[in-house]
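J.: To start, I am sharing the structure in question, which I have written as structure tokens.
The values are calculated or read from the model by the stated rules, or taken from the named source; none is laboratory data. These numbers were taken from a predicted model, which means no experiment stands behind them. Quick reminder, even Gly has a Cβ in these numbers, built from the backbone with ideal geometry, and neighbours come from all protein chains shown.
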Amino acid sequence: MTAIPAPSPGQKKLGLVIDLDTCVGCHACAVNCKEWNTSGHPGPLTDFDAYQEKPQGVWLNRVHTYEAGLGDESRTVHFPRSCLHCEEPECVSVCPTGASYKRAEDGIVLVNEEICIGCQLCAWACPYGAREFDEDQGVMKKCTLCIDRIYNETLPEAARVPACVSTCPASARHFGDLGDPESAVSQLVAERGGYDLMPEMGYKPTNKYLPPRKRPARSFAAPVEDPSPPDAANGVMRWIDRVLSR
Amino acid sequence: MKPALSVIFFTTASGAGYGMLFWLGILDAFGVMPRATWFGPIAIGVAMVLASLGLMASTFHLGRPERAWRAISQWRTSWLSREGVASLLAYAPAAAFFAAWPLAGAASPLARALGLLAAVFCVGTVVCTAMIYGSLKPVRQWRNRFVVPNYLLLAAFSGAACLAALAIFWQPGPARIAAAVAVAAGAAGAAGKLAYWRFIDAARGTSTIESATGLGWLGPVRMLEAPNSEENYLLREMGFRIGRKHAGTLRIVALALGFVTPIVMLILGAALVGPAGRVLLPLAGLCALLGLYVERWLFFAQATHTVTLYYGRGA
């Protein structure tokens with residue numbers, strides 16, 4: 001059903017915390033997401049002209065790179081963007097068929113591809129661009145929070161995290177229960193000031209982003225050059241220095 | 001937003017169909033439609049064919065058209081689902097009105113009551129169509145107070161113009177009344193459209209690239225690198241830009257073709273009636289439909305979506 005389950009106290013809210021301070025923009029999360037999910041729950045993630053001049057296809061995670069601020073204070077920020085598993089997901093409430101749903105037990109937003117009609121209204125209703133249309137299959141695809149990994153008892157326990165989290169070489173992605181204030185991810189959000197994207201839309205995203213850390217003030221003036229290098233005490237070195245300095 | 005031709009045809013054709021049935025029901029209740037046995041069934045038939053063609057066209061937009069029937073299940077939350085349910089329900093009073101006209105007579109209380117009932121369902125269906133767009137928060141050009149009145153006025157206008165075009169082949173009097181209604185609705189529709197355009201041009205989006213990324217505290221934010229080297233589904237579907245480039249010209253085309261020309265033809269056709277009216281009134285209806293097709297194309301093409309903020313484009 002497309003009605004959003006009523007939140008209960010202590011509601012489990014599985015989601016991601018993405019650290020924009022440590023993300024190095026390597027795109028490994030996006031690639032591993034594609035690799036796992038193309039043969040996983042939402043798969044295949046169809047590609048068109050994959051080996052041609054203009055390859056295109058379904059990606060459930062895309063990494064943007066921004067420049068924020070001006071001059072000395074400007075920062076390059078790598079910014080992975082995927083489904084935020086919102087508490088008020090209007091992508092679900094607009095769905096005419098009930099193919100889109102939000103799970104009451106853990107808050108994950110999923111698509112039942114067996115009954116999706118491919119009207120794409122959910123993609124229009126998502127402010128974040130989390131939903132993609134598979135033009136080959138005629139149905140919508142989205143991040144499942146790797147539902148086929150996190151509950152998969154055939155995997156070693158350490159591997160029961162979303163593919164993007166398991167592959168991140170910088171540990172910039174964290175997975176956990178954001179409904180539990182004592183969980184490691186909730187603590188991280190509290191400590192680092194984790195925030196919502198576009199809070200003004202009112203979708204109440206579950207996923208949180210950690211801001212880049214503030215830098216100590218730095219001087220960008222050129223260092224003053226020492227006229228006599230330390231090794232210049234040696235006569236030969238002094239001569240070489242003089243010759244090369246001409 | 002990408003203007004899918006099937007969806008544009010759907011909203012314009014079904015809007016005209018429901019508008020036509022609405023006015024037939026209302027004007028028959030007031031006793032000002034031709035009383036001829038076959039006028040009613042033919043007019044209801046034309047209206048429902050227009051509405052049905054629109055509904056069928058909308059399924060061409062689906063990735064899985066064979067599953068379209070599933071769309072009527074989630075009417076509790078989804079305006080698209082409500083639109084599907086309302087459009088199906090509207091067939092019942094339309095069919096009853098269709099049968100009552102020749103059997104009980106156009107002037108009978110039964111036919112009048114059924115006509116009014118059909119009119120109510122027509123309004124409900126058009127409101128649902130408009131709310132599919134009017135409910136989407138990420139598209140500021142759609143989620144505003146102008147959208148529902150605009151859809152209703154434009155359906156009323158094109159529907160009345162089509163009714164006038166048909167009625168002239170029976171009696172000049174009722175055709176004149178339908179034409180007068182169409183002129184009034186067309187003038188109101190044009191005013192509403194101009195107000196809508198002024199509104200979307202003046203309003204700014206509440207979301208910005210700074211709020212989308214949450215990096216505004218560092219200063220202005222700009223995209224340095226897109227995630228992928230090529231265009232993707234999101235940009236093709238929600239980052240459509242050709243329409244915005246030609247918006248000024250297309251607005252003039254929509255106003256001239258959709259409102260000014262049909263209104264002039266309606267006035268002339270209603271004044272002259274006779275053979276001239278039988279040419280001018282159908283032409284006015286056709287012209288209104290074509291113009292509204294351009295208007296609806298712009299409604300999509302000029303709409304921006306917040307996802308494009310992530311790609312460093314305005315929304």
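J.: Just checking, which of B:A303, B:A315 is within 14 Å of another protein chain (Cβ to nearest Cβ), part of a loop (DSSP other than H, G, I, E, B) and over 19 Å from the mean Cα position of the chain (by Cα)?
T.: B:A315
J.: Which residues, counting only those in region B:62-88, are assigned to a helix (DSSP H, G or I) and among the aliphatic types (A, V, I, L, M)?
T.: B:A68, B:A71, B:I72, B:L80, B:V85, B:A86, B:L88 - these are the residues of region B:62-88 that are assigned to a helix (DSSP H, G or I) and among the aliphatic types (A, V, I, L, M).
J.: Take region B:1-15 and flag every residue that is hydrophobic (A, V, I, L, M, F, W, C) and within 14 Å of chain A (Cβ to nearest Cβ).
T.: B:M1, B:A4, B:V7, B:F10
J.: Collect the residues in region B:181-220 that are touching a residue at least 40 places away in the same chain (Cβ under 8 Å), in a helix (DSSP H, G or I), exposed (fewer than 15 other Cβ atoms within 10 Å of the Cβ) and of a type in the set (G, A, S), keeping them in residue-number order.
T.: Within region B:181-220, B:A187, B:A195 meet the criteria.
J.: Looking at region B:67-75, can you tell me whether even one residue there is more than 22 Å from A:P96 (Cβ to Cβ), in contact with a Pro (Cβ under 8 Å, 6 or more places away or on another chain) and buried (at least 24 other Cβ atoms within 10 Å of the Cβ)?
T.: For region B:67-75, residues more than 22 Å from A:P96 (Cβ to Cβ), in contact with a Pro (Cβ under 8 Å, 6 or more places away or on another chain) and buried (at least 24 other Cβ atoms within 10 Å of the Cβ): absent.
J.: Determine whether B:A96 is touching an Asp or Glu at 6+ places or on another chain (Cβ under 9 Å), among the aliphatic types (A, V, I, L, M) and surrounded by fewer than 24 Cβ atoms within 10 Å (Cβ to Cβ).
T.: It is false that B:A96 is touching an Asp or Glu at 6+ places or on another chain (Cβ under 9 Å), among the aliphatic types (A, V, I, L, M) and surrounded by fewer than 24 Cβ atoms within 10 Å (Cβ to Cβ).
J.: Okay, next question. Going through region A:62-90 one residue at a time, which ones are of a type in the set (A, V, I, L, M), crowded, with 21+ Cβ neighbours inside 10 Å and facing another protein chain (nearest Cβ under 10 Å)?
T.: A:V63, A:A68, A:V77
J.: How many residues does region B:222-240 hold that are of a type in the set (G, A, S) and either surrounded by 13 or more Cβ atoms within 10 Å (Cβ to Cβ) or assigned to a helix (DSSP H, G or I) (or both)?
T.: Residues that pass the stated criteria total 2.
J.: Additional query: Considering only residues that are crowded, with 24+ Cβ neighbours inside 10 Å and either more than 8 Å from chain B (Cβ to nearest Cβ) or more than 19 Å from B:K137 (Cα to Cα) (or both), which ones fall in region A:119-135?
T.: Correct list: A:C122, A:A130, A:R131.
J.: Just one of B:R204, B:R236, B:R198 is under 31 Å from the mean Cα position of the chain (by Cα), under 30 Å from A:H27 (Cα atoms) and basic (K, R); which is it?
T.: Exactly one residue qualifies, and that residue is B:R236.
J.: May I ask you to verify whether B:V85 is at pLDDT 95 or above, over 30 Å from A:V139 (Cβ atoms), touching a helix residue (DSSP H, G or I) at 6+ places or on another chain (Cβ under 7 Å) and among the β-branched types (V, I, T)?
T.: no
J.: Just to be sure, is B:W142 within 14 Å of chain A (Cβ to nearest Cβ) and either more than 17 Å from the chain's Cα centre (by Cα) or outside any helix (DSSP H, G or I) (or both)?
T.: Yes; evaluated as a whole, the condition is true for this residue.
J.: Of the residues that sit in region A:137-166 and are touching an Asp or Glu at 6+ places or on another chain (Cβ under 9 Å) and under 22 Å from A:D47 (Cβ atoms), which one is farthest from the other protein chains (Cβ to nearest Cβ)?
T.: Among them, the one singled out is A:A163.
J.: Suppose we filter B:G269, B:G243 for residues that are touching a Pro at 6+ places or on another chain (Cβ under 7 Å), assigned to a helix (DSSP H, G or I) and touching a residue at least 60 places away in the same chain (Cβ under 8 Å); which single one remains?
T.: The conditions single out B:G243.
J.: Considering only region B:52-67, I want to know if a residue exists there that is more than 14 Å from chain A (Cβ to nearest Cβ), under 16 Å from B:Y293 (Cβ atoms) and in contact (Cβ under 8 Å) with a residue 24 or more places away in the chain.
T.: Yes, because at least one residue in region B:52-67 is more than 14 Å from chain A (Cβ to nearest Cβ), under 16 Å from B:Y293 (Cβ atoms) and in contact (Cβ under 8 Å) with a residue 24 or more places away in the chain.
J.: Taking region A:4-53, which residues are part of a strand (DSSP E or B), of a type outside the set (D, E, K, R) and in contact with a Pro (Cβ under 9 Å, 6 or more places away or on another chain)?
T.: Residues satisfying the conditions are A:G15, A:L16, A:I18, A:F48.
J.: Applying the selection to region B:260-291, what residues are of a type outside the set (A, V, I, L, M, F, W, C) and more than 25 Å from the chain's Cα centre (by Cα)?
T.: Result: B:G274, B:P275, B:G277, B:R278.
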